[in-house]
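Every number in this text was worked out from the coordinates using simple rules, so none of it is lab data. Computed from a predicted model, the values in this text were never measured in an experiment. When we count neighbours, we look across all protein chains shown, and the Cβ atoms used for this are built from the backbone with ideal geometry, even at glycine.
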Amino acid sequence: MVSSFVRKHPRILLAGVLAVLVATPVVMTYRASAGPAQAAAQAIPVGTRTIAPRQVQLWAEFSGRLTAVDAAEIRPEVAGRITEIRFKDGQKVNAGDVLLVIDPRPFEAARAKAEADLASAKASAAYARTDLQRAEGLIKANAIARSQYDQRVSADRVAEASVAVAQAALRQAQIDVDHAYVKAPISGRISRPELTLGNLVQAAPNAPLLATIVSDNGIYADFDVDEHTYVDTVRAEADSHEAEQHLPVAMTVQGTNSGGAYHGTIYSFDNKIDSASGTIRARAKFDNKDGSLVPGMFVSVRLGSGSTRAALLVPERAVQSDLNKKFVYVVGRGDKAEMREVKLGASVEGERIVLSGLKTGDRVIVDGVQHVAQGAPVMIEKKLALAR
């Protein structure tokens, strides 16, 4: 049947053969050209950074707590009844301000008696001195016995001592009167009164707490520095207390949205490292002119190195995690992604110091890293500049 069709329609058959011959090179050309295009389409577009050493200032972060520069407990030094309270809860007070009054009348009466006793003692001393002077003239004239003269000398000395005793008693009476007016020993912010009007209070050693004052013109942040940071950052760069004070310190309050950092100075380091924790107690001082920092607040303290060091850094977003490992991808041979395990150091302005795992000139994949796998072909779309 086919041979019959060929004999009857030779021209149609010839046209079909020619069409097949013409189309075959086109198909082969399309397949040949589709290979490289398809391979190029499989390359993952990424952004990279070629890393190089940079001079950076190293910072270490610690948790701490604020404590007052000065703090004072207000306790009565004389016994009596509270007759006045001259402060309000949380009020700012100055050193010397009268805070409470303990009934001063008994002490004022005691002072008046001491003044009278002193006057009496002085009068007796004056008489004894006059009597002695008279006896001196008589003894020279042999008008009195030596024993009588010695008695007048003794009486004069006893009278002088009585004056000294009366003066001391008067000073003590005046001190008691002063203590009846309980004053602020330091300037700062005072707590609520612990006792109310009319309460009887005892003096030491059973003196009750009346109030507390904490200074607010400055504040300490106490924190523990690990031994490694202390040796590498502090002792390596600061060989004296004066040099320690030049180490940069910044602080933020935990659990707040203020976002502002306070800058201060190192006040002191302890004289020993705690063998149990491997840390040393440190204290930094910060201004607190507006009184916004309150003792007891939890803070984050950042301690910086006094000088810059050369270091390799990678952006935080380039770092990936796998269980306990940290790694990055670099563009390797043949523009394929290679995984590099890295050991990271401190954070510096959104980047991490690389302690090991990378070298100068490595092209680290920063953008598009979430689409990359080991050995995957990549295509660099943009190169990121080094941060300054």
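For this structure, a couple of remarks:
- Net lengthening on full extension, K140/D232 (0.36 nm per residue, minus Cα-Cα): 24.4 nm
- On full extension, the segment bounded by Q374 and R309 gains 20.1 nm, given 0.36 nm per residue less the C-alpha separation.
- Aspartates and glutamates whose Cα lies under 16 Å from that of K343, excluding same-chain neighbours fewer than 8 positions away: E316, D322, E351, D362
- Selection from P185, V69, Y262, by position along the positive dipole direction of the chain (Cβ): Y262
- When only the Cβ of Lys, Arg, Asp and Glu is charged (+1, +1, -1, -1), the dipole of region 197-351 relative to its Cα centre reaches about 320 debye.
- Helix 105-140 axis versus longest C-alpha principal axis of the chain: approximately 50°, rounded to the nearest ten.
- Computed extension length for T130-V153: 7.2 nm, one decimal, from 0.36 nm per residue of separation with the Cα-Cα distance subtracted.
- The simple spin-label model puts a point 7 Å past each Cα toward its Cβ; for D287 and V348 those points are separated by 2.9 nm.
- Cross-link partners of K122 among lysines, defined as those whose alpha carbon lies under 22 angstrom from its own and excluding same-chain residues fewer than eight positions apart: K113.
- Model label points for I85 and E194, set 7 angstrom from Cα along the Cα-to-Cβ axis, are 1.3 nm apart.
- Selection from V234, P205, A121, by position along the positive dipole direction of the chain (Cβ): V234
- In the elastic network of the chain, a GNM with C-alpha springs shorter than 10 Å, the most mobile of Q374, Q320, Q133 is Q133.
- Computed from Cα positions, the angle between helix 146-180 and the longest principal axis of the chain comes to roughly 40 degrees.
- Size of charge dipole - region 89-229 - debye, nearest 20, with Cβ of Lys, Arg +1 and Asp, Glu -1, no other charges: 1200 debye
- By the count of other C-beta atoms within 10 Å, a proxy for reagent exposure, F298, F62, F107 are ordered fewest to most as F298, F62, F107.
- Between helix 10-42 and the chain: long-axis angle, C-alpha atoms, 0 to 90°, nearest 10: 20 degrees
- Computed from point charges on the beta carbon alone (+1 for Lys and Arg, -1 for Asp and Glu), the dipole magnitude for region 244-303 about its Cα centre is near 40 Debye.
- Within straight-line cross-link reach of K88, lysines at Cα separation under 22 Å, skipping those fewer than 8 residues along the same chain: K183, K289
- Positive-end extreme of charge dipole, the chain - chosen from L344, M251, V214 (charges on Cβ): L344
- Set of region 363-383 residues, backbone N closer than 19 Å to the point 7 Å along the Cα-Cβ line of T50: 363-367, 378-383
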